[in-house]
Amino acid sequence: MLKGKTALVTGSTSGIGLGIAKALAAQGANIVLNGFGDVDGPRAEVAALGVAVDYHGADMSQPADIADMMSYAASRFGRVDILVNNAGIQHVARIENFAPERWDAIIAINLSSAFHATRLALRPMQAAGWGRIINVASIHGLVASSEKAAYVAAKHGVVGLTKVTALENATTGITCNAICPGWVLTPLVQKQVDAKAAALGISNEQATKLLLGEKEPSMQFTTAEELGALAVFFCSPAGNNVRGVAWNMDGGWTAQ
Ligand code: NAD
């Protein structure tokens, strides 16, 4: 379905970003990966799906790096047809204890990076008359949890940015939508499980049950594969008039 298209997925060396990159590659899209840590493993996993894969190591907190990544992707594949703004980090502390530099980093990586990449992706998409921008927000783009001030503020911002991007391009073939996962067992969440286990002196399994039980009625993690399938839907012809939604996959978290 996406043969001949190019998808750039930020923060795709791990977790949800890698899952979305693989789902888009399985539909034939060429992929530009981004993120830190091991690159060869993710690159091989995507290449095994029979598409062209490239990588740019932009630090998503740096607007100049983002500009470099966008021009690199265009020079390599002609155009970015699908932009997935996914890179993100977390920091957990009450506001009075929240280090200002952690606030700045989360706003830069989780929110401003989506603005910068979108800003640079739009003109070529407008010239082509087709594009998909998918913002990986979070259930924390819709509701709050204590001790996540920067993350909740950034993700609410991402949902707002999604709506404006969708509106400004509503008469075109460019759509913009947000995905709002509940808990997904990636390294970002494993750190929170480990912290809970250590703080309460309980096992990893007990900490996982506690974490899910606090918020997610299904008592199940959403998977990167399920999120990838939603991204594929947004890119499909059936998604042509789905514009500006914040679509939760949250095991009932926000139904309560
Ligand atoms: P993860 O830690 O597995 O992956 C994060 C990715 O972002 C990695 O590839 C990492 O290298 C990259 N990254 C981090 N800082 C970066 C930077 N400065 N520049 C470039 N890349 C950077 O985490 P994940 O759980 O897969 O999270 C992906 C997205 O999903 C995030 O935006 C997160 O907020 C969101 N999300 C996660 C969950 C969850 O439960 N895991 C739930 C809702 C939303």
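Figure legend. Inter-residue proximity from the stretch 160-180: first residues of a type in the set (Gly, Ala, Ser), second residues assigned to a helix (DSSP H, G or I), beta-carbon distance below 7 Å, spacing 6+ or different chains. Indicated pairs: Ala178/Gly141; Ala178/Val158; Ala178/Val159; Ala178/Thr162.
Tally time: how many residues in the stretch 60-111 are farther than 21 Å from Gly15 by Cα and among the polar types (S, T, N, Q)? Total satisfying the criteria: 4.
Can you name the residue in the stretch 78-111 that is within 14 Å of the ligand (Cβ to nearest atom) and among the acidic types (Asp, Glu) and, of all such residues, is farthest from Met1 (Cα to Cα)? Only one residue fits best here, namely Glu101.
Counting only residues that are of a type outside the set (Val, Ile, Thr), over 30 Å from Pro237 (Cβ atoms) and either within 12 Å of the chain's Cα centre (by Cα) or near the ligand (Cβ under 8 Å from one of its atoms) (or both), the stretch 173-193 holds 4 of them.
How many residues does the stretch 30-47 hold that are in a loop (DSSP other than H, G, I, E, B) and touching a strand residue (DSSP E or B) at 6+ places or on another chain (Cβ under 8 Å)? Can you show your working first?
The first filter runs over the stretch 30-47 and keeps only residues in a loop (DSSP other than H, G, I, E, B), leaving 35-39.
With touching a strand residue (DSSP E or B) at 6+ places or on another chain (Cβ under 8 Å) added as a condition, the list becomes 39.
Result for the stretch 30-47: 1.
Right, Asn135: closer than 27 Å to Thr6 by Cα, modelled with pLDDT of 95 or more and touching a Leu at 6+ places or on another chain (Cβ under 9 Å) or not? Yes: the conditions hold for Asn135. Considering Leu211, Leu230, the condition of being of a type outside the set (Lys, Arg), outside the structural domain of His91 (by TED's automatic domain parsing) and within 16 Å of the ligand (Cβ to nearest atom) is satisfied by Leu211 alone. Considering only residues of the stretch 159-172 that are farther than 25 Å from Gln220 by Cα and surrounded by 18 or more Cβ atoms within 10 Å (Cβ to Cβ), which is farthest from the ligand (Cβ to nearest atom)? Only one residue tops the list, namely Asn169. Being in contact with a helix residue (DSSP H, G or I) (Cβ under 9 Å, 6 or more places away or on another chain), among the charged types (D, E, K, R) and more than 18 Å from Met249 (Cβ to Cβ) is a description that does not apply to Glu101.
Looking at the structure I just gave you, is Ala114 within 13 Å of the ligand (Cβ to nearest atom) and touching a residue at least 24 places away in the same chain (Cβ under 8 Å)? I'd like the intermediate steps shown before the answer.
On the way: within 13 Å of the ligand (Cβ to nearest atom): yes; touching a residue at least 24 places away in the same chain (Cβ under 8 Å): yes.
Answer is yes for this residue.
Residues in the stretch 1-60 that are within 20 Å of Asn135 (Cβ to Cβ) and away from the ligand (no atom under 13 Å from the Cβ): Leu2, Lys5, Thr6, Ala7, Ala23, Leu24, Ala25, Gln27, Ala29, Ile31.
The values are calculated or read from the model by the stated rules, or taken from the named source; none is laboratory data. Keep in mind that this is a model prediction, so the values were computed, not measured. Cβ: placed from backbone, ideal geometry, glycine included. Neighbour counts: every protein chain shown.
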